[in-house]
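Data block below; observations after.
The values are calculated or read from the model by the stated rules, or taken from the named source; none is laboratory data. Here the structure is a predicted model, which means the values were calculated and not measured. Every residue, glycine among them, receives a Cβ derived from its backbone with ideal geometry; neighbour counts consider all protein chains shown.
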Amino acid sequence: FSAGNNENSIEAHIGINGEANLDFLNIPLTIPEMTLPYTTLTTPQVKDFSLWEKTGLKDFLKTTKQSFDLSVKAQYKKNKDEHIIPIPFYAKDFQVLSTPNDIFIPAMGNITYDFSFKSVLITLNTNVGLYNQSDIVAYFLTSSSSVTDALQYKLEGTSSLTRKRGLKLATALSLSNKFMEGNHDSTFSLTKKNMEASVTTSAEVQIPILRMKFKQELNGNTKSKPTVSSSIELMYDLNSTATGTINHKLNLESLTSYFYIESSTKGDIKGSVLSLEYSGTIDSEASTYLNSKSTRSSVKLQGASKVD
């Protein structure tokens, strides 16, 4: 353990080296025969099952005595800038404004945090930072590496606040893993004349029983008139027993004189059950227009299905 404080920074560090005993994985497990609820299916009995030998841990760990390294470091870099807040006070006798006193508040500095854990089975790393420059930026990254693919991942995110010509907040997130990937981006900006926002999210899942892709977009602004638009796309495959797509769109406009909204949804599905093939489609559209003098609405719905 170490810590320090000087005119430029404050920091602390913790390092640990140790050993873990995994002998409990050698204890044989016995699971009795069970009947699944609401079915006639029965699971077979498992007797004297060793997690250490049967799951492959014995092959790449070699021994139940495992060593590990742990490191944690935190640092605060001081900012030499100061915020000056004037505090005026009044003389008791004359009740007139006197010479103001100033309160000096140090500006926020930069904060960083680093964490790491290393062992034969897995290595974990995490980095976090908060930076106060011309923009305020927050950042984090956490990741792992392992002999097992399912335990490997990377999660990263950034967020920044810009104060030039108004306010703008931007955020980005990303996740990657053997079974899942995803991204998220969003921006919100505010000026004297306009407010604008956009959000985009996408994800992809791939596991033995399901493959899926998802995307969502949302946009809005008040430039000439308040408008909002949204779209959602989904594609899925349930191990070839059912595949399909869904698409949804929404648009909205509004002023003091009128209000308009329209929506559309399209979807399809196909698959097979017990040697029977089936398919279906759906298509719907709806819109509404409203002002002080009239109201107009329309709805359209179509659907079809087939079984062979």
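Looking only at residues in segment 133-151 that are loosely packed, with under 15 Cβ neighbours inside 10 Å and among the small types (Gly, Ala, Ser), the one that is modelled with the lowest pLDDT is Ser134.
Counting only strands (runs of 3 or more DSSP E) wholly contained in segment 133-224, the ones carrying 3 or more residues that are under 30 Å from Asn247 (Cβ atoms) and under 17 Å from the mean Cα position of the chain (by Cα) occupy 153-162, 167-177, 180-190, 195-207, 210-221. Residues of segment 168-192 that are exposed (fewer than 15 other Cβ atoms within 10 Å of the Cβ) and among the aliphatic types (A, V, I, L, M): Met180, Leu190.
Residues in segment 175-215 that are closer than 30 Å to Asp237 by Cβ and basic (Lys, Arg): Lys178, Arg211, Lys213, Lys215. Once segment 236-248 is narrowed to residues that are closer than 23 Å to Ala286 by Cα and under 24 Å from the mean Cα position of the chain (by Cα), the residue that is surrounded by the fewest Cβ atoms within 10 Å (Cβ to Cβ) is Thr245.
Count of segment 98-127 residues, restricted to those that are more than 26 Å from Leu57 (Cα to Cα), of a type in the set (S, T, N, Q) and either in a loop (DSSP other than H, G, I, E, B) or modelled with pLDDT under 85 (or both), is 3.
Only one entry in Leu61, Leu130, Leu155 is surrounded by 13 or more Cβ atoms within 10 Å (Cβ to Cβ), at pLDDT 75 or above and under 30 Å from Leu25 (Cβ atoms), namely Leu155.
Among the numbered conditions (1) under 30 Å from Leu175 (Cβ atoms); (2) outside any strand (DSSP E or B); (3) in contact with a Ser or Thr (Cβ under 9 Å, 6 or more places away or on another chain), the only one that Asn239 does not meet is (3). For segment 1-33, a residue qualifies if it is over 30 Å from Lys77 (Cβ atoms) and of a type outside the set (A, V, I, L, M, F, W, C), and the qualifying residues are Gly18, Glu19, Asn21, Asp23, Asn26, Pro28, Thr30, Pro32, Glu33.
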